[in-house]
Amino acid sequence: MNEPQKYHGLEQLAARQGWRDLDLVRREETYLSERTVFRDTSTGCIAWRMTSDPAVDVDDYYDIPSWNADGSVMSFLSWRTGEKKRWLMDANGANIRPMPTPPDGQQIAVGYWSVVHRDRFYYAVVDGAGTHVMALNPFDGTVQEIVSVEQDLGEMMPPHPKEEHFLFGKRQDRPGQTQTFNPEITDEASWIHVLSLAGEVQEIALERRWHRLRFTKADDLRIFFNYDNPRTQYTILPDGSERQE
């Protein structure tokens with residue numbers, strides 16, 4: 001295998017940085033930096049850059065699928081209209097459009113594609129009545145409630161691969177601060193919540209502030225979590241047992 005070139009030969013594309021007048025590089029709803037086709041200089045494979053504009057597009061963590069279950073639609077986050085929103089794109093790079101807005105008018109800030117159903121994008125609503133797991137159909141904009149509980153479970157994480165359980169993490173509220181990640185705060189207690197389709201909640205109390213939570217692919221619903229300062233990693237079952245470093 002060859003050593004990859006730093007920019008796969010795309011030197012001029014790599015030189016484009018920072019904010020600029022996007023109307024100058026726009027053709028209808030597509031920007032010229034999108035749909036770039038190049039050969040990976042390490043593997044030799046042809047790669048299609050579906051959407052890329054460093055000034056306006058951002059992505060999720062590498063382990064969160066960008067594609068729906070049948071690979072017909074991908075989603076990405078973009079500031080291209082002046083506000084951070086989720087956008088959709090067909091598999092061939094065409095038909096770029098905003099993710100439909102749910103009937104309540106609130107943009108989906110955190111959400112995850114179903115890996116089972118092609119027409120589900122999961123997200124959670126937390127309000128005075130509790131936590132509600134919702135599924136948006138990106139093709140027709142309809143929304144269905146999957147499960148609801150009268151409890152604030154915190155921030156939604158990717159569901160278990162079988163999609164029969166949903167993962168949430170909660171950190172202590174701090175006056176004047178949101179629950180966004182702060183590497184200086186590590187010694188507070190925090191919680192993991194596992195919500196089943198039947199509405200049953202399992203809670204794990206942690207002695208420190210979690211940094212990241214994920215279900216593993218194990219059938220026993222084993223959960224991965226880690227701490228910072230120092231970075232330590234664990235797995236644990238939803239009932240709090242069998243914790244392993």
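The values are calculated or read from the model by the stated rules, or taken from the named source; none is laboratory data. Model, not experiment: these values are computed from the prediction. Methodologically, a virtual Cβ is constructed for each residue, glycine included, from the backbone with ideal geometry; neighbour enumeration extends over all protein chains shown. Only protein heavy atoms, including side chains, enter the accessible area calculation; ligands, DNA and RNA are left aside. Shrake-Rupley method; radii C 1.70, N 1.55, O 1.52, S 1.80 Å.
Brief remarks follow.
- Counting only residues that are modelled with pLDDT of 85 or more and either in contact with a Leu (Cβ under 6 Å, 6 or more places away or on another chain) or part of a loop (DSSP other than H, G, I, E, B) (or both), the range 87-109 holds 14 of them.
- Every pair of residues 6+ apart whose Cβ atoms lie under 9 Å, when the first sits in the range 1-22 and is among the basic types (Lys, Arg) while the second is at pLDDT below 65: Arg16/Val25; Arg16/Ser33; Arg16/Asp53; Arg16/Pro54; Arg16/Ala55; Arg20/Ala55
- Residues that are of a type in the set (A, V, I, L, M) and more than 20 Å from Gln202 (Cα to Cα) were ranked within the range 122-153; the one that is surrounded by the most Cβ atoms within 10 Å (Cβ to Cβ) is Leu136.
- Residue that is modelled with the highest pLDDT [pool: residues in the range 166-212 that are in a loop (DSSP other than H, G, I, E, B), open to solvent by less than 30 Å² (accessible area, probe 1.4 Å) and under 26 Å from Val147 (Cβ atoms)]: Gly199
- Candidates are the residues of the range 142-156 that are of a type outside the set (Asp, Glu) and not in a strand (DSSP E or B); the one that is nearest to the chain's Cα centre (by Cα) is Gly154.
- Scan of the range 25-46 for residues that are at pLDDT 65 or above, part of a strand (DSSP E or B) and open to solvent by less than 30 Å² (accessible area, probe 1.4 Å), ordered by number: Thr36
- Test: residue in the range 12-22 that is aliphatic (A, V, I, L, M) and either in a strand (DSSP E or B) or modelled with pLDDT of 75 or more (or both): no
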